[in-house]
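The values are calculated or read from the model by the stated rules, or taken from the named source; none is laboratory data. For clarity, every value in this text was computed on a predicted model and none was experimentally measured. As a convention, Cβ positions derive from the backbone with ideal geometry for all residues, glycine included, and neighbour counts pool all protein chains shown. Heads up: the accessible areas ignore ligands, DNA and RNA and are worked out on the full protein's heavy atoms, side chains in. Shrake-Rupley method; radii C 1.70, N 1.55, O 1.52, S 1.80 Å.
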Amino acid sequence: MDTPTHDDARWMQLAIAQGLRGDRRVRPNPRVGCVLVQGDRLVGAGYHAQVGGPHAEVGALQQAGAAARGATAYVTLEPCNHHGRTPPCSHALLEAGVARVVVGVADPHPKAQGGAAWLRERGVAVEVGVLAAECRELAEVFLCNTERGRAFVQLKVAATLDGRMAAQDGSSQWITGPAARQAVHRERAQSDAILIGSGTALADDPRLDVRLDVRLPDAPAGPLPLRVVLDRRARLANSAQPLQIFDTRAQPTLIYTLHAAQLRERCGPGVEVADWPGEGTQLSDILVDLLRRGRCHALCEAGPTLATALLRQGAVDRLDWWLAPKLLGSGRSAVEDLGIPTITECSRWQFAPPQQHGADILLVARPTGAAR
């Protein structure tokens, strides 16, 4: 589409802000925001709050009432055009008399797509592509699930200024400070699974839980994220100590391995041990299986080996690089050999605005087309 007008961009930003009120309770649906505008006046606003509940457009229409007739609707994702848990939003917009619909990004879902064309056929003016990049980011988990057929991966790395995630003696607690760790627990509360490798499980013995004292007041209700360990060689079977991930009283654990029988003897009945899906060791097979299990969003708190493997295989959708104001000069690098021989072939990423958390800085980056 042409460059959006100032007003279109302004109202779509407000629709995005509405969508940001959603959280993991909407999954497997997307986060969506909608505002209704008459002239230069906001008459309705809504967002998708939870799966099975009203969609963003319905919430905005209910708030607008009769003022929806002749209004312009700004929707971050194309209105759905099918009968699912709720009726089609495209039909609701038409029945309310909305005159124009401005869409951020088209819906790629084969069942839900088509709302824009359906509305155009019935005389509603429709524009698609206003602030498309920002709207894609809002719905990035859903779009990854739909377009790539796998769980969305958010890779978290904590490193010193010189890129070290552990000192020469192997110590790594704590590279970042309390504010950064609190923020990471908030990200855990928004994820469906927390993914680590066997090396991290053995070296750090993490709980991978969500501390109740750092949850946001409006943090999603429901079960804690699934703890997922990639243990291809069944290294956990030889652990002499009782690892915390084996304690499933409060939080489930799933381990992928090529040696399931050996691990089941060690883990006991409370831990699910699954055969490594597919052939070979492609991490995409794991991510496809996680989505099949209903885990749409995986937060990966990996060591260098797993982080590098995910990056090499193009399986990272969002990179959270926590930068601590410290220098080590030696020790283990946060990322290892990516198989990139020259600068012209480097993996390229797009930064979001940096965030300060105490003394540490969070750099969020998403891959450009060259990094896929």
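One table, with the values for the structure above:
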read-out	value
Qualifying residue in the range 127-140 (condition: of a type in the set (Val, Ile, Thr), out of contact with any helix residue (DSSP H, G or I) (no Cβ under 9 Å at 6 or more places or on another chain) and at pLDDT 95 or above)	no
Enumeration of residues in the range 275-296 that are in contact with a Pro (Cβ under 9 Å, 6 or more places away or on another chain) and closer than 16 Å to Ser191 by Cβ	Ile286, Leu291, Gly294, Arg295, Cys296
Residue within the range 105-114 that is surrounded by fewer than 17 Cβ atoms within 10 Å (Cβ to Cβ) and touching a Ser or Thr at 6+ places or on another chain (Cβ under 7 Å) present	yes
Residue selected from the range 307-361 under the condition in contact with a helix residue (DSSP H, G or I) (Cβ under 8 Å, 6 or more places away or on another chain) and part of a helix (DSSP H, G or I), by the criterion surrounded by the fewest Cβ atoms within 10 Å (Cβ to Cβ)	Ala309
Pro178 being closer than 30 Å to Gly358 by Cβ and at pLDDT below 95	yes
Residue tally, condition open to solvent by less than 70 Å² (accessible area, probe 1.4 Å) and part of a helix (DSSP H, G or I), over the range 118-129	2
Selection from the range 254-287 of residues that are assigned to a strand (DSSP E or B) and either of a type in the set (A, V, I, L, M) or open to solvent by 60 Å² or more (accessible area, probe 1.4 Å) (or both)	Leu254, Ile255, Glu272, Val273, Ala274, Asp275
In the range 236-253, the residues that are open to solvent by 20 Å² or more (accessible area, probe 1.4 Å), outside any loop (DSSP other than H, G, I, E, B) and either within 16 Å of Ile196 (Cβ to Cβ) or basic (Lys, Arg) (or both)	Gln244, Phe246
Flag for Glu187 being modelled with pLDDT under 95, open to solvent by 20 Å² or more (accessible area, probe 1.4 Å) and under 30 Å from Val75 (Cα atoms)	yes
Unmet requirement for Ala151, which otherwise passes all of (1) over 18 Å from Pro30 (Cβ atoms); (2) touching a helix residue (DSSP H, G or I) at 6+ places or on another chain (Cβ under 7 Å); (3) crowded, with 20+ Cβ neighbours inside 10 Å	(1)
Helices (runs of 4 or more DSSP H) enclosed by the range 1-117 - at least 2 residues per element that are touching a residue at least 60 places away in the same chain (Cβ under 8 Å) and over 20 Å from the mean Cα position of the chain (by Cα)	6-19
